[in-house]
2 protein chains.
Amino acid sequence: MSVQNEMTADFLRSAYGGESMAHMRYIAWGSQAEKEGFPNTGKLFKAISYAEQVHANNHFRELGQSQGGHTVTAGAVFGVGSLVENLQGAIDGELHEVEQMYPVYLNAAQFQEEKGAQRSFHFALEAEKIHAKLFKDAQDAAKAGQDIQLKSVHICPVCGHTILDEAPDRCPVCGAKKELYVAF
Amino acid sequence: MSVQNEMTADFLRSAYGGESMAHMRYIAWGSQAEKEGFPNTGKLFKAISYAEQVHANNHFRELGQSQGGHTVTAGAVFGVGSLVENLQGAIDGELHEVEQMYPVYLNAAQFQEEKGAQRSFHFALEAEKIHAKLFKDAQDAAKAGQDIQLKSVHICPVCGHTILDEAPDRCPVCGAKKELYVAF
Ligand SMILES: [Fe+2]
Ligand SMILES: [Fe+2]
Ligand SMILES: [Fe+2]
Ligand SMILES: [Fe+2]
Ligand SMILES: [Fe+2]
Ligand SMILES: [Fe+2]
C-alpha cells in the first residue's frame, strides 16, 4: 500500500530529495575529514550517509509504482570548508529536519491518514535527532583539535537508527534485530 | 577556483540535486533488478549509480567554500515498477539530461565564462549519453526476457565515463589513467 494523497506524495518527494543530497554531501565531507586526519569523524559521516540512504529509499518505496518525472524542491546545505564548518553545515541540516521539516511532514501525513508515509517520516525524524547530537559531539571535539572518540558506528538498515560502538539487541525505533545492523 | 556567478551556481546546485536523486534511485532499481533475477542489469544500475555520485561530487566541489543552506529545484523520476518500467524511467531521466538540461547548463556556463562549471557539466553530459544507450540496451534485453550481456562495468572516478568489460588506457573524456577506473 503506497501513498494516496498528492500533498503527502509531494512531501515524500521533497524529503527524498533532501535525503539524497544529505547522503551525497556526507560522502564528500567524510572524505574531507579523513584527508584532514580525523578518521573517526570520517567514519561517522560515511555511516550517517548510509542512514540517509535508508531514509531516501524508504520515501522512494512509499511513493510506490506511480512511474514518472517530477520537479522536486528540497533544502540542502553546500560548501566544502574546514572540518568545523562542514560539521556546522551537517548540524544545521539535521536540526532543520528535526525542528521543522519532519514534524510538519509527519503532521500532514497524520492529517491525511497516510500510514506508510507516517512510518517513513517517523523513522527519519528519530534518526536525525541522534545525527544532530553526534555531529555536535564531533564538532566539539574538532574545535579542541581532537577526533571524536568511537570504535564503530552501527546503522539500522530498516529505519536508519544510529548508535556508536555496539548495536542494541533490538532497534529502539523499529524493532529490527541486532544482526541486521550495518557496521562502519 | 570555484564558481563566481549566481546563475551558474544555481544550475550547479540543481544538477547536484538531480545527480544525487539519480544516484539514489539507481541503487533502488539495481536491488530490484537483482531480486528479479537480472544480475547484470543490477550491476549496470549500481555502477552507473556510482557515476552519478562522481557527477554530484564534481558539482558540489565546484560550488566551493561558500557554506550555507539553499532551496534546490531539480528533476527526478520516481516509481518502483517492473524492470522494463524502471529502465524506461532511467532512459527518460538520462535523455532529459542529454537533450535538455546539460546542454543548456553548459551553454550558460560558457556564456558566464565559468571554466570549472563548464568542465563539470561537460563531464556529466558525455557520460549521460553513454548511460542512455546502456539502459536502452538493457531494456531491449529485458523486453526479450534476457539479462544484458556484460562481464563488468568500469567507471572513471574523475568524470563518470562508463564502459563495459574493460577500461581504456586513457579516459576518452578526461584523460584519466586506466588504473584509476573503478570496476563493478
Ligand atoms: Fe535522514
Ligand atoms: Fe540525518
Ligand atoms: Fe530500526
Ligand atoms: Fe550524471
Ligand atoms: Fe547518468
Ligand atoms: Fe574520465
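Give the residues of region A:10-54 that are surrounded by 22 or more Cβ atoms within 10 Å (Cβ to Cβ) and more than 19 Å from the chain's Cα centre (by Cα), sorted by residue number.
Within region A:10-54, just A:38 meets the criteria.
Among helices (runs of 4 or more DSSP H) lying entirely in region A:2-116, which contain 3 or more residues that are within 13 Å of another protein chain (Cβ to nearest Cβ) and on the phi < 0 side of the Ramachandran plot?
Output list reads A:6-35, A:39-62, A:83-96.
Look at region A:131-163 and say how many of its residues are outside any helix (DSSP H, G or I) and within 14 Å of ligand 2 (Cβ to nearest atom).
8
Which condition number in (1) surrounded by fewer than 19 Cβ atoms within 10 Å (Cβ to Cβ); (2) touching a residue at least 40 places away in the same chain (Cβ under 8 Å); (3) out of contact with any Leu (no Cβ under 6 Å at 6 or more places or on another chain) is the one that residue A:80 fails?
Only one criterion is unmet by residue A:80, namely (1).
Select, from A:114, A:166, A:128, the only residue that is modelled with pLDDT of 95 or more, under 19 Å from residue A:50 (Cα atoms) and surrounded by 15 or more Cβ atoms within 10 Å (Cβ to Cβ).
Only one candidate passes the filter, namely A:128.
Please work out which one of (1) within 16 Å of ligand 4 (Cβ to nearest atom); (2) more than 25 Å from residue A:144 (Cβ to Cβ) is the condition residue A:73 fails and give its number.
(1)
Which one of B:166, B:128 is assigned to a helix (DSSP H, G or I), acidic (Asp, Glu) and out of contact with any Cys (no Cβ under 6 Å at 6 or more places or on another chain)?
Only one candidate qualifies: B:128.
The values are calculated or read from the model by the stated rules, or taken from the named source; none is laboratory data. Keep in mind that what you see is a predicted model, and the values were worked out from it rather than measured. No Cβ is skipped: glycine too gets one built from the backbone with ideal geometry, and neighbour counts run over all protein chains shown.
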